[in-house]
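*Asks:* I'd like to ask you about the structure that follows.
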Amino acid sequence: MNVTELMAQIRTEMTGNPEKDIRHLQDIATDLRKEENASELLSAIAEFAFNMMPEGARKEMIETTFVGDKRMDQAYSDAVELVNAGKIDEADEILTEISDKIAEHFEDKNPKWFSFRNPFEYHMYRFFYPDDTVFERAPFDFAKHLGLLGYVKLEKQDVVAAQVAIERAIKFNPVGADIRFELAEINKFAQNAQQLLRVNQETLPLCTSADRIAHVLSNMGFYCTLTGAFQDAAVFFFESIRFSRTKEVELELEDVLKRMKTFGQKFTPPTHGQTIDTYEKYGLDVPPNSNLVNLALTLASTARDHGRLDLQGMFLRTALDLTNDAGIRAQLEQVAGEIKEARENGEL
């Protein structure tokens, strides 16, 4: 979908009620985050939403979310371009301004503000924190913005500032695994083994796809290598490859096996029981998290009951990403066919 097509669709869906329409635009933006041209589409939605706001709301938004004369998302995009160009100091200046805006207007406020990236993360939060029901959706992805600030600070080897930025980012999305990977990188850089273990223990239950699970397990391999537990490191690297094979992790495994050989240690691929024992040794449950699988399937069923094929597909995709189950794949293919047919008939 291009911007012209998106704007044509949006204009037909507006009701004239600004509050209701802006909530609808936020929902559309959430659905489009995985599109190849998501940045362009999200920027167009933000511009449209800004222009339709009442004058008072526009003034408030300028005060709370504009950096200089640009919306926060536009300033963030500028920072991304600077990072990609290797202009770290210039990116740091913009991101620090964004950070200051977030701190002044949205941080440690009541109600709390969150930057969930999709409906499943919202439901994950409700599942993990059932008593916390009063919160607002942040106008922009503050977790992502602060995450990039953390990356930039680490590039400048300011470990303390990097960790502060990432921990602030996590508060805006407590159930997102990706931002916690940045915290893991900080602890790997600082060779802070115990903090790295803690981050891995907290991240694994939040992983919603095989590649994220593999990422945590490779970080566990790094942790075990750092502490000299080479046998356990090899187990975790093997497990990481089982979930998602990457050349980088294969090389890490080769390196560990060479180290073991140097120390006269022999590695034998572990049995299933030995693998489970290794997980338990480090306070980890064997992935995937069955609670998340069941949550995704329950939400998919509820979405179907309410005629929301799009949401059913999203939740089934999450369940499939976690399990690679053939039955779930068949359900997802059926829903995809139903969505295609509904679109061809003009029902979607």
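*Asks:* Going residue by residue through the range 115-128, is there one that turns out to be charged (D, E, K, R), surrounded by 16 or more Cβ atoms within 10 Å (Cβ to Cβ) and over 22 Å from residue 185 (Cα atoms)? Before the answer, list the steps.
*Replies:* Here is the first cut: in the range 115-128, the residues charged (D, E, K, R) are 117, 121, 126.
Pick out the ones that are also surrounded by 16 or more Cβ atoms within 10 Å (Cβ to Cβ) and you get 117, 121.
Still in the list and also over 22 Å from residue 185 (Cα atoms): 121.
Looking through the range 115-128, at least one residue is charged (D, E, K, R), surrounded by 16 or more Cβ atoms within 10 Å (Cβ to Cβ) and over 22 Å from residue 185 (Cα atoms).
*Asks:* Quick check on my filter: what residues within the range 205-233 are assigned to a helix (DSSP H, G or I) and farther than 30 Å from residue 117 by Cβ?
*Replies:* 224, 225, 226, 230, 231, 232, 233
*Asks:* Which of the following residues is open to solvent by 30 Å² or more (accessible area, probe 1.4 Å) and over 20 Å from residue 145 (Cβ atoms): 31, 100, 21, 78?
*Replies:* Step by step, each of 31, 100, 21, 78 is checked, and only 31 is open to solvent by 30 Å² or more (accessible area, probe 1.4 Å) and over 20 Å from residue 145 (Cβ atoms).
*Asks:* A follow-up question, please. From (1) at pLDDT 95 or above; (2) open to solvent by 60 Å² or more (accessible area, probe 1.4 Å), pick out the condition that doesn't hold for residue 91.
*Replies:* Single failed check for residue 91: (2).
*Asks:* When the residues of the range 136-173 are filtered to those that are of a type in the set (Gly, Ala, Ser) and at pLDDT 95 or above, which remaining residue is surrounded by the fewest Cβ atoms within 10 Å (Cβ to Cβ)?
*Replies:* 161
*Asks:* Please return the ranges of helices (runs of 4 or more DSSP H) entirely within the range 1-101 where 1 or more residues are within 30 Å of residue 158 (Cα to Cα) and more than 21 Å from the chain's Cα centre (by Cα).
*Replies:* Where helices (runs of 4 or more DSSP H) fall fully within the range 1-101 and carry at least 1 residues being within 30 Å of residue 158 (Cα to Cα) and more than 21 Å from the chain's Cα centre (by Cα), they are 55-65, 72-84.
*Asks:* Moving on to the next point. Could we say that residue 133 is out of contact with any helix residue (DSSP H, G or I) (no Cβ under 6 Å at 6 or more places or on another chain), hydroxyl-bearing (Ser, Thr, Tyr), open to solvent by 10 Å² or more (accessible area, probe 1.4 Å) and in contact (Cβ under 8 Å) with a residue 40 or more places away in the chain here?
*Replies:* It is false that residue 133 is out of contact with any helix residue (DSSP H, G or I) (no Cβ under 6 Å at 6 or more places or on another chain), hydroxyl-bearing (Ser, Thr, Tyr), open to solvent by 10 Å² or more (accessible area, probe 1.4 Å) and in contact (Cβ under 8 Å) with a residue 40 or more places away in the chain.
*Asks:* Continuing with the same structure: Is it the case, given these coordinates, that residue 120 is of a type in the set (Phe, Trp, Tyr) and free of Cβ contacts under 8 Å to residues at least 60 places away in the same chain?
*Replies:* No: the conditions fail for residue 120.
*Asks:* Can you pull out the residues in the range 45-102 that are in contact with an Asp or Glu (Cβ under 9 Å, 6 or more places away or on another chain) and among the aromatic types (Phe, Trp, Tyr)?
*Replies:* 76
*Asks:* So, one more: Can you tell which of 91, 143 is over 22 Å from residue 50 (Cβ atoms) and either of a type outside the set (S, T, N, Q) or in contact (Cβ under 8 Å) with a residue 40 or more places away in the chain (or both)?
*Replies:* 91
*Asks:* Got a sec? Which helices (runs of 4 or more DSSP H) wholly within the range 234-348 have at least 2 residues that are open to solvent by less than 40 Å² (accessible area, probe 1.4 Å) and within 21 Å of residue 206 (Cα to Cα)?
*Replies:* Numbers: elements: 247-262, 272-281, 290-305, 309-323, 326-344.
So the answer is 272-281, 290-305, 309-323.
The values are calculated or read from the model by the stated rules, or taken from the named source; none is laboratory data. Note that the structure is a prediction, hence the values are computed from the model and not measured. Here Cβ is always computed from backbone atoms with ideal geometry, including for glycine, and neighbour counts include all displayed protein chains. Surface accessibility is based on the protein's heavy atoms, side chains included, excluding ligands, DNA and RNA. Shrake-Rupley method; radii C 1.70, N 1.55, O 1.52, S 1.80 Å.
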